[in-house]
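Student: Supplied in structure tokens, the structure appears directly below.
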């Protein structure tokens, strides 16, 4: 796999070539689109930190798409840095199930950041930066988005006013000596049922809830 970035006058372009078939889904999951023999993703060419991004994507893009890292270790590094910088953040996605003991291995980590701290996270994690932290002006799934990679684990960073803790519900979970805020299991369960409907994951969630006396 070959990961690199190039520039045109107007665009900053991510390219991934020589992809084994088994990794195509991972790359498409990261919102890259196929163009002939490569996968690309584009940003306007006025983004910040282009040299850092080029270097990181070239070095760590392959391990990120292959998900070669240990998600638990990457989450600990993220949690420790956020703790030291007083960042408000919340766990979404499959990691919110994995940390409570459901038998799921996250491919990546989905993190929600309080809007007030979004760009602080870009600076704190500059050495891990893979995609720029941008304001989508409410034209995409979430208003604010960026991506980092910590030791081979993709970490998607999102923010939006409605996802701040004062506007949303999160549960406090103690995990590996950290107090974390996670999206509630029942809400995640209903999202799975109504959305992607991944039957194996749903079954594991139901087994966990049955075991712990949670009505679903």
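Student: Got a number for residues in the range 170-192 being surrounded by 18 or more Cβ atoms within 10 Å (Cβ to Cβ), under 14 Å from residue 214 (Cβ atoms) and in contact with a strand residue (DSSP E or B) (Cβ under 7 Å, 6 or more places away or on another chain)?
Tutor: Final tally of qualifying residues: 0.
Student: Evaluate the following for residue 63: is it at pLDDT 95 or above, over 20 Å from residue 28 (Cα atoms) and in a helix (DSSP H, G or I)?
Tutor: no
Student: Something else about it: Checking residue 130 against (1) assigned to a helix (DSSP H, G or I); (2) more than 20 Å from residue 188 (Cβ to Cβ); (3) in contact with a helix residue (DSSP H, G or I) (Cβ under 7 Å, 6 or more places away or on another chain), only one condition comes out false. Which one?
Tutor: Against the list (1) assigned to a helix (DSSP H, G or I); (2) more than 20 Å from residue 188 (Cβ to Cβ); (3) in contact with a helix residue (DSSP H, G or I) (Cβ under 7 Å, 6 or more places away or on another chain), residue 130 comes up short only on (1).
Student: In addition: Here are some residues: 82, 5. Which one is within 29 Å of residue 165 (Cα to Cα) and surrounded by 14 or more Cβ atoms within 10 Å (Cβ to Cβ)?
Tutor: One residue alone meets the criteria, 82.
Student: Let me ask another. Would you confirm, using the coordinates I've provided, whether residue 174 is under 19 Å from the mean Cα position of the chain (by Cα) and under 21 Å from residue 88 (Cβ atoms)?
Tutor: When the stated conditions are applied, residue 174 does not pass them.
Student: Also, I was wondering about something else. What's the number of the only condition in (1) in contact (Cβ under 8 Å) with a residue 60 or more places away in the chain; (2) more than 12 Å from residue 151 (Cα to Cα) that residue 74 fails to meet?
Tutor: Here residue 74 meets the rest and fails (2).
Student: Any residue in the range 13-34 that is at positive phi sitting within a Cβ distance under 7 Å of a residue that is part of a loop (DSSP other than H, G, I, E, B)? List the pairs, counting only those 6 or more apart or interchain.
Tutor: Within 7 Å, the pairs are 18/1.
Student: Here's a follow-up. Which residue out of 119, 189 is farther than 22 Å from residue 58 by Cα, in a helix (DSSP H, G or I) and touching a helix residue (DSSP H, G or I) at 6+ places or on another chain (Cβ under 9 Å)?
Tutor: After ruling out the rest, the residue left standing is 189.
Student: When you go through 112, 27, 77 one by one, which is the residue that is modelled with pLDDT of 95 or more, in contact with a strand residue (DSSP E or B) (Cβ under 9 Å, 6 or more places away or on another chain), part of a helix (DSSP H, G or I) and within 29 Å of residue 200 (Cα to Cα)?
Tutor: Result of the check over 112, 27, 77: 27.
Student: In the range 34-60, which residues are under 21 Å from residue 135 (Cα atoms) and not in a helix (DSSP H, G or I)?
Tutor: Correct list: 40, 41, 42, 43, 44, 45, 46, 47, 48, 49.
The values are calculated or read from the model by the stated rules, or taken from the named source; none is laboratory data. Keep in mind that what you see is a predicted model, and the values were worked out from it rather than measured. Backbone-built Cβ (ideal geometry, glycine too); neighbour counts: all protein chains shown.
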